[in-house]
Amino acid sequence: MSLKEYKKKRDFSRTQEPSESKANKKGEGLIYVIQRHHASHLHYDLRLEEEGVLKSWAIPKSPPEETGIRRLAVQTEDHPLGYEDFEGTIPEGEYGAGKVETWDSGDYFPIESDSAKRVIEIKGKKIKGRYALIKLKPKNPDDKNWLFFKLKGNT
Ligand code: MN
């Protein structure tokens, strides 16, 4: 897990975003957050703690609060632990320029995990229950498209 790409994209003398992971143990589970990001296109950034970083996916539409809604989730660069607390405005001209605010936060518990699949139990304020992230078969090597949805048969 590396923050190389994250750091390369940002000028920390200009943005208030954190530059390094901080040790961060809050709840019983792992860190879960969804940030609402008013960049050039409004989207939602799902971030899940894994091996000392926040794995990240950008969801172009509102996150699925019910079963039956499947959302595209485009994997983006790993973010540092601590980013879940970031709220503010990334200045114009910088990567991801625009306002970032917390949409939901809490803990999650991994149930199943491999390179193309995650099944997790989310304990957020808005989102609760069992969710899946499934990687779509790439059409070219740069494709990082996943589907994010709530699994049936849970609250
Ligand atoms: Mn974003």
Original post:
Quick one: how many residues across region 75-93 are assigned to a loop (DSSP other than H, G, I, E, B), buried (at least 18 other Cβ atoms within 10 Å of the Cβ) and more than 12 Å from the ligand (Cβ to nearest atom)?
Top reply: 1
Original post:
Can residue 98 be described as within 11 Å of the ligand (Cβ to nearest atom), touching a residue at least 24 places away in the same chain (Cβ under 8 Å) and on the phi > 0 side of the Ramachandran plot?
Top reply: yes
**OP:** Determine the pairs where a residue that is within 21 Å of residue 74 (Cβ to Cβ), located within region 108-124, has a partner that is surrounded by fewer than 16 Cβ atoms within 10 Å (Cβ to Cβ) and among the small types (Gly, Ala, Ser) with Cβ atoms under 9 Å apart, the partner being 6 or more residues away or on another chain.
**Re:** 119/113; 120/113
Subject >> Failed item in (1) within 14 Å of the ligand (Cβ to nearest atom); (2) of a type outside the set (S, T, N, Q); (3) outside any strand (DSSP E or B), with residue 65 passing the rest >> reply: (1)
Original post:
Give me the pairs: first residue in region 1-21 and under 17 Å from residue 50 (Cα atoms), second residue surrounded by fewer than 11 Cβ atoms within 10 Å (Cβ to Cβ) and not aliphatic (A, V, I, L, M), beta-carbon distance under 6 Å, and six or more apart or on different chains, which are they?
Top reply: 1/51
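Surrounded by 13 or more Cβ atoms within 10 Å (Cβ to Cβ), closer than 24 Å to residue 150 by Cα and within 16 Å of the ligand (Cβ to nearest atom), is that true of residue 72? Quick ask: steps written out before the conclusion?
On the way: surrounded by 13 or more Cβ atoms within 10 Å (Cβ to Cβ): yes; closer than 24 Å to residue 150 by Cα: yes; within 16 Å of the ligand (Cβ to nearest atom): yes.
So residue 72 fits the description; yes.
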Subject >> From 106, 96, residue being in a strand (DSSP E or B), over 12 Å from the mean Cα position of the chain (by Cα) and at pLDDT 95 or above >> reply: 106
Subject >> region 1-58 - residue that is within 16 Å of the ligand (Cβ to nearest atom), of a type in the set (D, E, K, R) and part of a loop (DSSP other than H, G, I, E, B) and, of those, nearest to the chain's Cα centre (by Cα) >> reply: 17
Subject >> In region 42-69, the residues that are buried (at least 20 other Cβ atoms within 10 Å of the Cβ) and either basic (Lys, Arg) or farther than 19 Å from residue 126 by Cα (or both) >> reply: 47, 53, 54
Original post:
Which of the residues belonging to region 76-95 are within 15 Å of residue 56 (Cα to Cα) and touching a Lys or Arg at 6+ places or on another chain (Cβ under 8 Å)?
Top reply: 76, 77, 78, 79, 80, 81, 82, 83, 84
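Considering only region 129-143, state which residues are surrounded by fewer than 17 Cβ atoms within 10 Å (Cβ to Cβ) and modelled with pLDDT of 95 or more. Can you show your working first?
First pass over region 129-143, keeping only residues surrounded by fewer than 17 Cβ atoms within 10 Å (Cβ to Cβ): 134, 136-143.
Scanning region 129-143 gives 134, 136.
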Subject >> Pair list, Cβ < 6 Å and 6+ apart or interchain, from region 130-155 residues that are assigned to a strand (DSSP E or B) to residues that are of a type in the set (Val, Ile, Thr) >> reply: 131/120; 131/122; 132/119; 145/74; 147/134; 150/67
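The values are calculated or read from the model by the stated rules, or taken from the named source; none is laboratory data. Computed from a predicted structure; not experimentally measured. As a convention, Cβ positions derive from the backbone with ideal geometry for all residues, glycine included, and neighbour counts pool all protein chains shown.
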